[in-house]
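Undergrad: Dropping the structure in here first, questions after.
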């Protein structure tokens, strides 16, 4: 791990200089529990990313995080980006209807 330190520091500098303020971890069970405990234990160092954790596959919970965090300032994995594309393709400024097809039945839905 010590050999990777310069690469990790460079990534940290890049993320901070890009103006990102949050990181969103998508996980279930143990993959999200340890990061959540560490976040609650150590908090957030000023000027670094605040970690948000999404431990759910419920479409409503996923969309709630999308609405709460600024996408342009959040480091996240590709499944959330797919949800954003799906959400924006279903809502229209000229229409008040929303696709009634459940998210989990769509091929590009989060697994």
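Every read-out reported here was derived from the displayed coordinates using simple, explicitly stated rules and does not represent laboratory data. Model, not experiment: these values are computed from the prediction. Reconstructed Cβ throughout: ideal geometry from the backbone, glycine too, with neighbour counts over all protein chains shown.
Undergrad: Can you tell me the FRET efficiency between residue 1 and residue 56 if r is taken as the Cβ-Cβ distance and R0 is 41 Å, rounded to the nearest 0.05?
TA: Working: r = 30 Å, r/R0 = 0.74.
Computed FRET efficiency for residue 1 and residue 56: 0.85.
Undergrad: Between residue 72 and residue 8, what is the spin-label point distance in nm, taking each point 7 Å from the Cα along the Cα→C-beta axis?
TA: Output for this residue pair reads 3.1 nm.
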